[in-house]
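Accompanying notes for the structure given below.
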Amino acid sequence: MNRSAGEVCFGAILRVKFAESMAKENPASVADFEEPEIHSEVDTMRHSCAHVMAHAIQRLWPQAKFGIGPTVENGFFYDVDLDVKLTPEDLPRIEAEMAKLIKANQEFVRAEHSIAEGLSLFGNLNQPFKIEIIETLRDSTGATTVSSYKEGDFVDLCRGPHVKKTGDIKAFKLLSLAGAYWRGNEKNPQLQRIYGTAFTSKAELDEYLHLLEEAKKRDHRKLGKELELFTFLPESPASPFFYPKGAIVYNRLIQYIRDLYVPYEYSEVITPQVMDVSLWKTSGHYDNYVESMYFTKVEDREYGLKPMNCPSHCVLFGTLKHSYRDLPLRYADFGRLHRYEKSGVTHGLTRVRTFCQDDAHVFCTPEQIETEILKVVEMVFRTLDLFGFSDMQIFLSTRPEKRVGSDALWDKAEAGLRATLDKLGRPYKINPGDGAFYGPKIDFIVKDALKRPWQLSTIQLDFNLPERFDLTYTAADNTAQRPVMVHRAVLGSLERFIGVLTEHLGGAFPFWLAPVQARLVPIKDSHNAYCAEFLSKLKGVGYRVDLDDRNESMGLKTREAQTAKIPFSLVAGDREMQGNQFAVRKYGERESKVMTQDELLTMFAELESIPRQPRKA
């Protein structure tokens, strides 16, 4: 069954997921054309559409050299080397040429070639990137044959599959242009990447394009600038600067998590950002994560800038003696983290180089694992519910190829998470090889208002770091035992969460989170004092409000309050002053409601109160 465009995920994966895979310098992956497996008819059609797009480009620019042209979530792209710089105005030209090829209804014909034949074929076609792929296939995998597909006079190195004929391609659209280094390596040539999509019907395509337009309106980078939440500056690439309004959102989220720490009995700690490199060697980060870290040298000692909090919590735990009566011990930390991300994969707030997590690590006994994880799941559910992320999938991410620790410890950790998930009674999927290098994890994937998937909350079970840091506690029989470590983040990166939430809500934050909760708007100068007096009263009880007493039209003031996505506009004229009232207009609504000052204070108090009832796992 074909999925509706409204039921499929796009956006983040289109921009980030494949960029991540391209950044991995994995020859076998490149030899495999960097293509995800094609599992559906619509993916096959999209793959064929990428082939037709390359054919159209060759017709328009015969000198074109082609890299790879895989499908991605809800679309496809092709990387091309051209001696002309493509612009958005070129996309309709390419589409028109594609339409001719599709109308011609030419058959896709597959052929097998020996390595030597393949090298000769694409050498004659002057396609150096295809030659490199064939050579990598031969040298890295021992392949003796390659396959090609031909339609009309265009031949492409490809493993397929394809639709039978070009006429089987239904509704398509070219979307955007980008740059991409060949094989994800900045030392290689930069190619031009053309993104497109295709659907089995025009109605599905139209729905998808509508969602894309809505996504552009909700783009957190655009809204962040318009709402004065944050900005990015060249002085610190991929590192956000938060304006006062953005800092309010940031700190309110931190306060929400801090409030959860009381019933769930977390103790907050503060740890350094810069630590001796020996710590990162002990933890395994130096061997398994060094390419994502920053380093500095002071007084002939090498230090690493903290990419994660867990090693600092391990050494902190190790400074004191602990009994089984002390466990579980729950350390929470809002420490700033720094990770080097290549410029090609950074994206607004969702992929940055400096960020803060609502991070915590639970040190517990093996017998306490299930209870502790279920408590974290409860925190996750109640939090995601609060922000309206009701569409959720759970994944168990297992051991990656690059990891620390014995298989026996990994077996124990993965079995522990499986048992807990089974007891939870909710469906989950296995995400093989995507665990952290120190332990498997449970990832919670939510869909936003536009049905796009985001990984936010995570729980990781770790037997390795306590072993590497030689952590112990005194058991009931007076023997030294090894604690187990549960890593958890509910919001995840605050930067990433704010980016996702901004797009999910379209920038219209709930009252308790909004930077400005209400704006008072006097109709005339004679109403200024009345509004200013209530403004002072609201500020006195802690509300974030402002006053628009400019000598401007009411229409302009009203529009600007709506553009700023302020939850409430409180308008006062003669009638309102006489009744100790305001005409209250809620964001997104056209009609106003008259309310007294006391009624407003009661309503605001209710809206400021964040729901605290936990949702049971």
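Find the relative contact order for the chain and round it to a whole percent, using C-alpha pairs within less than 8 Å whose residues are 6+ positions apart.
On the way: 1117 pairs, mean separation 70.2, N = 617.
Worked out over the chain, it gives 11 percent.
Let's see if you can work this out: charge +1 on each Lys and Arg Cβ, -1 on each Asp and Glu Cβ, no other charges. What is the dipole magnitude of the chain about its Cα centre, in debye to the nearest 20? Please list the in-between numbers first.
Working: 80 positive and 86 negative charges, 158 e Å.
That gives a dipole near 760 debye.
About its Cα centre, how strong a charge dipole does region 240-343 have in debye, to the nearest 20, once Lys and Arg get +1 and Asp and Glu get -1 at the Cβ? Walk me through the numbers before you get to the answer.
Numbers: 13 positive and 12 negative charges, 56 e Å.
For this selection, approximately 280 debye.
If I take every Cα pair under 8 Å that is 6 or more residues apart in region 518-608, average their sequence separation and divide by the length, what percent do I get for the relative contact order?
On the way: 120 pairs, mean separation 25.4, N = 91.
Normalised by residue count, the contact order of region 518-608 is 28 percent.
Need the list of aspartates and glutamates near Lys297 for cross-linking: C-alpha distance under 20 angstrom, and skip anything on the same chain fewer than eight residues off.
Filter leaves Asp276, Asp287.
List Leu337, Leu494 from most exposed to least, where exposure is judged by having the fewest other Cβ atoms within 10 Å. Each step should come with its number before you reach the end.
Numbers: Leu337 19, Leu494 22.
Placing the least packed residue first, the sequence is Leu337, Leu494.
Work from the charge dipole of the chain (Cβ charges, +1 for Lys and Arg, -1 for Asp and Glu, about the Cα centre) and give the residue of Ser397, Gly555, Val541 farthest towards its positive end.
The residue sitting farthest along the positive end of the dipole is Gly555.
Exposed loop trypsin sites (Lys or Arg not before Pro) only (DSSP loop, at most 12 other Cβ atoms within 10 Å): please give the longest stretch of the chain free of them, not including the sites. Don't skip to the answer; put the middle values down first.
On the way: sites that count: Lys24, Lys85, Lys164, Lys187, Lys321, Lys402, Lys524, Arg550, Arg590, Arg612, Lys616.
Segment 188-320 is the longest.
Using +1 at the Cβ of each Lys and Arg and -1 at the Cβ of each Asp and Glu in the chain, identify which of Gly318, Gly388, Gln455 lies farthest towards the dipole's positive end.
Gly388
Using the number of other C-beta atoms within 10 angstrom as an exposure proxy, rank Val594, Val541, Val521, Val377 with the fewest first. Before the final figure, lay out each step's value.
Details: Val594 13, Val541 10, Val521 26, Val377 23.
With the sparsest Cβ surroundings first, the list reads Val541, Val594, Val377, Val521.
List the GluC sites (Glu not before Pro) within region 508-617 that fall in a DSSP loop (any state other than H, G, I, E or B) and whose Cβ has at most 12 other Cβ atoms within 10 Å. It would help to have the intermediate numbers written out before the result.
Values: sites: Glu533, Glu552, Glu560, Glu576, Glu589, Glu591, Glu599, Glu606, Glu608; in loops: Glu552, Glu589, Glu591.
Listed in order of number, the matching sites are Glu552, Glu589, Glu591.
Using a Förster radius of 30 Å, what is the FRET efficiency between Glu89 and Glu41 based on their Cβ-Cβ separation? Nearest 0.05, please.
Numbers: r = 33 Å, r/R0 = 1.09.
Result of the calculation: an efficiency of 0.40.
Tell me, what is the FRET efficiency for Lys216 and Glu560 to the nearest 0.05, using R0 = 22 angstrom and their Cβ-Cβ distance as r? Display every interim value, and only then the final one.
Details: r = 22 Å, r/R0 = 0.99.
With a Förster radius of 22 Å, E is 0.50.
For the chain, with the dipole built from +1 on Lys and Arg beta-carbon atoms and -1 on Asp and Glu ones, taken about the Cα centre, which of Ile194, Gln517, Gln255 lies farthest toward the positive end?
Gln517
Just to verify a number: FRET efficiency for Ala529 and Met603, C-beta to C-beta distance, R0 = 30 Å, to 0.05? Intermediate values should be presented prior to the final figure.
Numbers: r = 24 Å, r/R0 = 0.78.
My answer for the efficiency is 0.80.
Cut-off 17 Å, label point 7 angstrom out along Cα-to-Cβ of Thr145: give me the residues of region 92-126 whose amide nitrogen falls inside.
Under 17 Å, as judged by backbone N against the label point of Thr145, lie 109-121 of region 92-126.
Taking the alpha-carbon distance from Lys412 and a cut-off under 12 Å, which aspartates and glutamates remain once sequence neighbours fewer than 8 residues away in the same chain are dropped?
Asp462
With the crude spin-label approximation of a point 7 Å out along Cα→Cβ, what separation in nm comes out for Thr479 versus Leu60?
So the label points at Thr479 and Leu60 sit 7.2 nm apart.
Sort Glu73, Glu367, Glu401 so the one with the fewest other Cβ atoms within 10 Å of its own Cβ comes first. Spell out each step's value before the answer.
On the way: Glu73 18, Glu367 10, Glu401 6.
Arranged by neighbour count, lowest to highest, Glu73, Glu367, Glu401 become Glu401, Glu367, Glu73.
Under a straight-distance cross-link criterion of Cα-Cα below 22 Å, which lysines are reachable from Lys165, leaving out those fewer than 8 residues away in the same chain?
Hits, sequence-local ones excluded: Lys100, Lys103, Lys150, Lys173, Lys202.
For n ≥ 4 DSSP H runs only, could you compute -39500 (n - 2.57) per run for the chain, divide by its residues and tell me the 222 nm figure to the nearest 500?
-10500 deg cm²/dmol
Along region 330-335, what does the Karplus equation 6.51 cos²θ - 1.76 cosθ + 1.60 (θ = phi - 60°) give for ³J(HN,Hα), rounded to whole Hz, x for Gly and Pro?
Working through the residues one at a time gives 10, 9, 10, 8, 9, x Hz.
Quick check on my link table: of Lys85/Lys170; Lys245/Lys524; Lys342/Lys441; Lys170/Lys565; Lys222/Lys375, which ones sit more than 32 Å apart, alpha carbon to alpha carbon? Let's see the in-between values first.
Values: Lys85/Lys170 29 Å; Lys245/Lys524 28 Å; Lys342/Lys441 25 Å; Lys170/Lys565 40 Å; Lys222/Lys375 37 Å.
Those over the limit are Lys170/Lys565; Lys222/Lys375.
Laboratory data are not the source of any read-out in this text; all were calculated from the coordinates shown. Owing to the predicted nature of the structure, the values given are computational and were not obtained by experimental measurement. Backbone-built Cβ (ideal geometry, glycine too); neighbour counts: all protein chains shown.
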